[in-house]
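Read the figures in this text as sums done on the coordinates, not as results from a lab. In this text, all values refer to a predicted model and were calculated from it rather than measured experimentally. Every residue, glycine as well, gets a Cβ built from its backbone with ideal geometry; the counts of neighbours run over all protein chains shown.
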Amino acid sequence: MRLAVRISRGLATLVSLAVLVGSGYGWVAYRTLGDSITHVAGLPAGNGAADDPAENILLVGDDHRPANASPQVLAELSTGEDGGSTNTDTMMVLHTPAAGGKPTVISLPRDSWVDIPGVGKGKLNSAFADGAADGGGDAGGMKLLIETVQNLTGLQIDHFARVSLLGFYEIAQVLGPIQVCLNQAVDDPYSGTVLPAGVSTLDAKQALSFVRQRHGLPRGDLDREVRQQYFLAAELGKVSSSGVLLNPVRLHRLLSAVGSAVQTDPGLDLLSFASQFSSLSAGDVTFTTIPTLGTPTIRDSSGANVSIVAVDTAALPAFITRIVGEPSAYTDATAAVPSSVTVWVVNGTGQAGLAAG
């Protein structure tokens, strides 16, 4: 099994705050942290105000790098082979049920081919950039991404947390080395990943390169989802046992990295969020991915060939219902006007042309 170290740039960061609940130093540090985190009014109108004690938090990690970054910083981030973007390469919904139930993390593959409101069909990871364009900024980007996720899943997003590429690197430095095991050696110039087969212990630079690797993976984006889930499970145990939480110097470094790297909506109470995880272990969190049909190559509206993740929209409602119950978006839905329905056919066979016509 190929394992990796994809940090949930939102969840792994916020879970680290669980220690603040039981530490006098942590309470002081938390106050400072609250002042340093950037708040963005990125929730669509009406979101975040529901009385339902269950919550859905969208966790986002994107590929943007700091403005005017020096060549030395870019070298540490291994971004020399790409131009950078605001595309969101990690997207997960953290569902925390009412009455203290165990949480579930739902991964949303970045290449999922979805309907983006006002734009049309596109990859899920482009929704933020589409919303941020033309003066929308970070708030416009988050709103469009959240609307896209809500339309796809039927879940209302109550809060969000967004972490940058540099933020991941700085947090990984504080948390220390991560061990992975590869079936085959890797040499990927796009992400900067150069690792042998077998067990390797990765520093922050290597970990960042490894989690950014997309090229050369057998199932592409779907393999990265497995890595994300593996890392989160490992981090839930590591953060509480590595000594970071009991070491004021290391905790201060971690909180400084978090504060400079995280954006949230103004209504997300990090202390309350952390308290929900203070007694959880890795086995208490369920990790899952929305149902998919594979990774076909299709032609987009411009005629270009695009490799995507085909979402199994027929199986999605039952999948979501098993996790959270039946969302109101399902029970309140009305029948579509037949003339407005578009059927999208994917050829999953090896014989060309069967999906045409």
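Details
- Relative exposure of VAL311, VAL149, VAL119, judged by other C-beta atoms within 10 Å (fewest first): VAL119, VAL311, VAL149
- Taking other Cβ atoms within 10 Å as a rough exposure proxy, LYS205, LYS123, LYS102, LYS143 sort from fewest to most as LYS102, LYS205, LYS123, LYS143.
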